[in-house]
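Written below as structure tokens is the structure these notes are about.
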Amino acid sequence: MTVLGWEKKYSEILKEFGFSKKSDLESAKLLNFLLKSKFPLNKLRSKVFEQNVFVIGAGPSLPSCIPILKRFGFITKIVADGAAKALIENNIIPDILVTDLDGDEKSLKKIGKGKTIMVVHAHGDNFDKLELVSKFKNCIGTTEVKPFGKIHNFGGFTDGDRCVFLAKHFKAKKIILFGMDFGNKIGKYSKTKIVNKRIKIKKLRRGKKLLEWIASKNSSDLYTTSKSIKGFKKIYYNELESVLADENAF
């Protein structure tokens, strides 16, 4: 079930960016066709439900948090597309990778061969990349339009905020953000080829607004080690252990 109120947010996104709902739907139909089987959601749910979860984005602060992520190898990691390259370079394997396939293709193929659950998003601009799903062992399809067939809608717009929407959908206990900066500076891992920096920053701003919106529908404890986001408690790396251990932290 899609988060209540998503249809209105999606309409705002279509208007703001001039996207086509028809194109999004056609892309979702192709992805539905390409996915040979429906991945069991209980396998995805088991990694998130009532678990502490790290959501990892590809913002400028990503390199600084790599040593911390290595220390907490037992925590479920939901990773945005662009951050994948940095993680595998440091032998950190995502539990779940959320992607619209515009990141480093070599990294996506490498991760997709293993146990990582690949959550692939279909939209009007990635129609020609969807064939990549044939390279992935464990794959779930998502869309921003009405879900159907093998295609789900957990909510969200950019890879980063879709990670959080997914974690909220499956009722994570605590969600802690890393590398989710949403500022005017684009991280070196954020996208392999940025065609229009202004549009990229505009998308990041919309992603931040969506996180502030989803935070208002709170069912999880929300934290960020990155830049402040309304509804997320700002914490520092040296506070992580206490936050993870204390059921009543902050």
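No lab work stands behind these numbers, since they all come straight from the coordinates. From a predicted model like this one, the values you see are computed outputs, not experimental measurements. Cβ coordinates were reconstructed from backbone atoms using ideal geometry, including for glycine residues, and neighbour counts include every protein chain displayed.
Would you mind calculating the relative contact order of the chain from Cα pairs under 8 angstrom and at least 6 residues apart, reporting the percent as a whole number?
Relative contact order, the chain: 23 percent.
In order along the stretch 229-243, phi translates into HN-Hα couplings of 10, 4, x, 10, 7, 6, 10, 10, 3, 6, 9, 4, 4, 5, 5 Hz, rounded to whole numbers, per the Karplus curve 6.51 cos²θ - 1.76 cosθ + 1.60 with θ = phi - 60° and x for Gly and Pro.
Seen from every direction in turn and averaged, the convex hull around the alpha carbons of the stretch 6-245 projects onto 11.5 nm².
Here the 3J(HN,Hα) profile of the stretch 153-164, calculated from phi with Karplus coefficients 6.51, -1.76 and 1.60 at θ = phi - 60°, is 9, 8, x, x, 10, 8, 3, x, 6, 5, 4, 5 Hz, Gly and Pro shown as x. Computed over neighbours whose Cβ is under 13 Å from that of Ala172, the net charge equals +4, Lys and Arg +1, Asp and Glu -1.
Sorted largest first, the spans of the alpha carbon positions of the stretch 1-84 along the three principal axes are 44, 33, 27 Å. The listed peptides 161-173, 233-245, ordered by packing as a protection proxy, come out as 161-173, 233-245 (highest mean of other Cβ atoms within 10 Å first).
Do any of Lys173/Lys217; Lys109/Lys173; Lys77/Lys146; Lys129/Lys203; Lys36/Lys203; Lys203/Lys227 go past 22 Å between their Cα atoms, and which? Going by Cα-Cα distance, Lys109/Lys173; Lys77/Lys146; Lys36/Lys203 fall outside the 22 Å limit.
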